[in-house]
Amino acid sequence: MNKTNMTIFEDLESEVRSYCRAFPTVFTKAKGWKMWDEEGNEYIDFFSGAGALNYGHNDDKMKQALVGYIMEDGVTHSLDMATKPKAEFLTAFQEIILKPRKLDYKVMFPGPTGTNTVEAALKLARKATGRTDIISFTNGFHGMTIGSLAVTGNAFKRKGAGIPLTNVVTMPYDNFVNEGLDSLDYLEQFLTEGGSGVDIPAAVILETVQGEGGLNAARTEWLQRLDRICKTHDILMIIDDVQAGVGRTGTFFSFEEAGIKPDIVCLSKSIGGYGTPFALTLFKPELDLWEPGEHNGTFRGNNHAFVTATVALDYWKDTTFEQSIKAKSGTVHAFLTKLVDTYSEIQGHVKGRGLMIGIESQVEGLASKVAQEAFTRGLIMETAGANDEVFKLFPALTIDEGALEKGLTILEDSVRAVLG
Ligand code: PMP
């Protein structure tokens, strides 16, 4: 096979390209938790399409269902018309996910991506409350369109908008401020003090674990208190589960452990199962306020995604999958804890929840160097945090223990190589 000339990307693709710089090879094949490039090099994937591939690459059952559907000339594109795969998905989502968790949500298809579901959530919250402002949190990541970027707590990304982003009040996320200061104390104070000059917001939006922002995990008590504050002041709570949802933290929804029931939930990335663009916005029935057609979009009913998403829900029919995620996250947590103890030069600590886990290092540039080194040794992993200070491990939830340990060993070898 002729090797692809990498300058094609430099010559023909925009300068904004990012991941092909971090992983400079041409990928040809992917299966489960492995990827291969055109030179035949094999990689263990601890990146999983930034959380879009929780079930790994090319899951056999999803592939069979999709190929079967395509071979029967099943409808591909149908806007939001009624189709069989859509009916099957809605039914399975209700029966397997919502009902057992006693969650009563209307399901909306906002468009194919994470930013589409966030935009829909923000828009709906404003329409429902008649208020404008949204409270967001430092280091939160919610997407790249104007509305979702406005609630994203990353100065570099916000600069990309070219205009001031408004109607948002950003508060420190849990554990962000020094001990003894809790941002929720401030929030409560300005909501209670009529003369504070801050308008009551329409909603708060947050991730329970900040995926891009550095694997910061909010404490259960903090989430519960925020939930109480929202209820007291009639503010809607939007949980962005685009990255932390669909099992990443160990349960289907990331907020299950906290026992809260957000008003609006945003899902995308792995909800399609197969890496196909797909998103859902879930909202409490009383928020089903849009007139027919008041919010729509061409790609909000991808039938291929309905087919694979329905098969993916089989993983959730009993608790076996959840238990296996918890066992694997225990393995990773123990390994990383030992790693930071053994290599004190990392100056690090373990962060995250479930299989959304990593190490924050105080040493500038270390996480990026380790990720680069790991790539040359056959491990694909990303960094996170405002200054890329976190090594982020995102293996497929379906990964087998052997591959998990092999990947972790490559990580340790890479750390050792970088520290010299
Ligand atoms: N919310 C969260 C929590 C995300 O992690 C992302 C993507 N990284 C988005 C929203 C935006 O999703 P998309 O890139 O599909 O627009």
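The values are calculated or read from the model by the stated rules, or taken from the named source; none is laboratory data. Note that the structure is a prediction, hence the values are computed from the model and not measured. Glycine gets a Cβ as well: all are built from the backbone with ideal geometry, and neighbour counts include every protein chain shown. The area values use the complete protein model at the heavy-atom level, side chains included, leaving out ligands, DNA and RNA. Shrake-Rupley method; radii C 1.70, N 1.55, O 1.52, S 1.80 Å.
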Could you go through region 41-52 in sequence order and give the Karplus-derived ³J(HN,Hα) for each residue, using 6.51 cos²θ - 1.76 cosθ + 1.60 with θ = phi - 60°, rounded to whole Hz, and x for Gly and Pro? 6, 9, 10, 8, 9, 9, 10, 6, x, 6, x, 8
Residue-level accessible surface for THR145, protein heavy atoms, 1.4 Å, Å²: 50 Å²
Listed by chain and number, the aspartates and glutamates with an alpha carbon less than 12 angstrom from that of LYS106, same-chain partners under 8 positions apart left out, are ASP263, GLU286, ASP288
With the crude spin-label approximation of a point 7 Å out along Cα→Cβ, what separation in nm comes out for THR76 versus ASP234? 4.9 nm
For the chain, would you read off the P(r) tail past 38 Å as a percentage of all alpha carbon pairs? 20 percent
Report, ordered by chain and residue number, the lysines lying within cross-link reach of LYS338, taken as a straight Cα distance under 18 Å and ignoring same-chain residues fewer than 8 apart. LYS328, LYS351, LYS392, LYS406
Per residue, accessible area of the chain with a 1.4 Å probe, heavy atoms of protein chains only, in Å², comes to 45 Å²
Tell me the net charge near PHE283. Cut-off is 12 Å between Cβ atoms, PHE283 excluded, with +1 for each Lys or Arg and -1 for each Asp or Glu. +1
Before anything else, pin down the relative contact order of the chain: Cα pairs under 8 Å, at least 6 apart, normalised by residue count, whole percent. 23 percent
Taking every C-alpha to C-alpha distance in region 58-112 and binning by 10 Å from 0, the per-bin percentages run 18, 43, 33, 5
For region 1-100, the spread of Cα positions along each principal axis, largest first, Å: 48, 28, 28
In whole Å and largest first, what semi-axes does the C-alpha gyration tensor of region 212-347 yield when each eigenvalue is scaled by 5 and square-rooted? 31, 22, 14
If each residue of separation counts as 0.36 nm, what is the full-extension length gain between ARG158 and ASP185 once their alpha-carbon separation is subtracted? 7.0 nm
Could you state the number of Å between the C-alpha centres of region 51-102 and region 155-175? 35 Å
Ignoring ligands, DNA and RNA, what percent of the 1.4 Å accessible area of the chain is carbon and sulfur? 52 percent
Relative contact order for region 1-132: what percent, with Cα pairs under 8 Å and sequence separation of 6 or more? 11 percent
Separation in nanometres of the label points that stand 7 Å from Cα toward Cβ, at THR166 and ASN58: 5.1 nm
Full extension from ALA386 to LEU289: what is 0.36 nm times the residue separation minus their Cα-Cα distance, to one decimal in nm? 31.2 nm
So how much slack lies between ARG17 and THR4, counting 0.36 nm per residue of separation and subtracting their Cα-Cα distance, in nm? 2.9 nm
Bounding extents of region 269-420 in its principal axis frame from Cα atoms, largest first in Å, are 62, 34, 30
With Rg and the Kirkwood Rh both taken from Cα atoms, where does Rg over Rh land for region 6-164? 1.01
Alpha carbon centre of region 330-358 versus region 366-420: separation in Å? 11 Å
